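The structure under discussion appears below in the form of structure tokens.
Just so you know, all these numbers are worked out from the coordinates, no wet-lab data involved. Keep in mind that this is a model prediction, so the values were computed, not measured. A quick note on method: Cβ atoms are made from the backbone with ideal geometry, for glycine too, and the neighbour counts reach across all protein chains shown.
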Amino acid sequence: GIGFATASLGCTLPIFLLVVTTAAKANGIFEGLFVFLAYAAGMSLFMLAFSLLVAVSKTTIEKTLTKALPYIYKLGPIIVIIAGAYLIYNQIVLGKLFLYILQKISLLSFEVGANSLFRISKDSQIDI
């Protein structure tokens, strides 16, 4: 339980924080409570359905994965390398684009530091 909770924290924490802030901005305690109950019902329904699906199809999945295991061992590292390359590309290209947009709409007016990768000020371009 604790291991699963820790592993899934990166996926569920942003959604949970959204629910908490939505409930905090609600127009009353009952509306805020409804937000929490809707979130709990949705998460519970998903987890219940997923658990039942795994329990029912366990033998079928085991047989299929046993046959596919040699291919998974060969294909898995390739998929991880492609995903890592995409994330690096995404951060380099879209990260610069995002900083450029923030600079143009004058949301950034600070300089990060002389030795940093990005130096941004309101009157200058992004130095990389």
* Determine the gain in length on full extension of the stretch Phe30-Met43; use 0.36 nm per residue of separation and subtract their C-alpha separation, reporting nm with one decimal. => 2.7 nm
* Structure fact -> Simple SL model, points at 7 angstrom along Cα→Cβ for Ile15 and Leu97; separation in nm is 2.7
